[in-house]
Amino acid sequence: MQLTVRVTGVCVGQKGAGPGKQPLPAAIVTEYGFAGDRHAGPLWVRRTGPGKGTEVFNERQWSAVSEEEVRVLSQRLAIDLPVGALGENLRLSGIPGLSKLPCGAMLRFGSGVVLGVSGENLPCRRMASFLARRSGEEEVERLFIKLATSLRGVVGWVEAPGILSEGDVATIELPDLEVERLIP
């Protein structure tokens, strides 16, 4: 079975511009993420936990959410979530379970861009606060993390650069998960 998704939104958010991102008709994807985006780069500095302040491989050079999951989240929060509101670089349609894609899944676009999935994009307090201010609904800040779990999309790295545009189509390749190969 082959999964196919369509790009319904492309966004870039510059450093210092807050968590939301600006929708664009197309964006250049470099080997380190979306050109001009605050999450682009080969390395990332840990902001919390053990190793805080340490530079590590940037496993969140890009992020994506699905139209289907955003619709559910929007209903749960009772607010509008237009393209870019969740800080995504890509909004995709055709995959209601995008947040469940495993590490190692690959999104292969017709343009030649290939994006690797490192994991689920976990909901955070910064986004909760941003959405509460944006919507004018104080309850959103309190409810976001609980209600957005498993609906926040995925993050990952760039495997092959190029240009992505609204309307582009990608196939999703799932990693080989043959358990018997792991057990002698």
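The values are calculated or read from the model by the stated rules, or taken from the named source; none is laboratory data. Because the structure is predicted, anything quoted here is derived from the model rather than measured. Here the Cβ is made from the backbone with ideal geometry for all residues, glycine too, and neighbour counts use every protein chain on show. These area figures cover heavy atoms from the full protein model, side chains too; ligands, DNA and RNA do not enter into them. Shrake-Rupley method; radii C 1.70, N 1.55, O 1.52, S 1.80 Å.
A few points about this structure:
- Reduced Cα scattering model of the chain, Debye log10 I(q)/I(0), q = 0.08, 0.18 Å⁻¹: -0.25, -1.22
- Highest mobility in the GNM of the chain, judged by mean-square fluctuation with C-alpha springs under 10 Å and restricted to 23, 82, 50, is found for 50.
- Excluding same-chain neighbours fewer than eight residues apart, the lysines reachable from residue 100 by a Cα-Cα span under 18 Å are 146.
- The Cα trace of region 31-71 gives Rg and Dmax of 12.9, 36 Å, the first to one decimal, the second as a whole number.
- Helix runs (DSSP H) in the chain reaching 24 Å along axis by Cα, Kyte-Doolittle at least 0.0: none
- With K and R counted +1 and D and E -1, the other residues having a Cβ less than 9 Å from that of residue 132 yield a net charge of -1.
- When only Cα pairs below 8 angstrom with a gap of at least 6 residues are kept, the chain shows a relative contact order of 31 percent.
- Under 12 Å, Cβ to Cβ, from residue 59 - net charge with Lys/Arg +1 and Asp/Glu -1: +1
- Solvent exposure of the chain amounts to 53 Å² per residue of accessible area, where only protein heavy atoms count and the probe is 1.4 Å.
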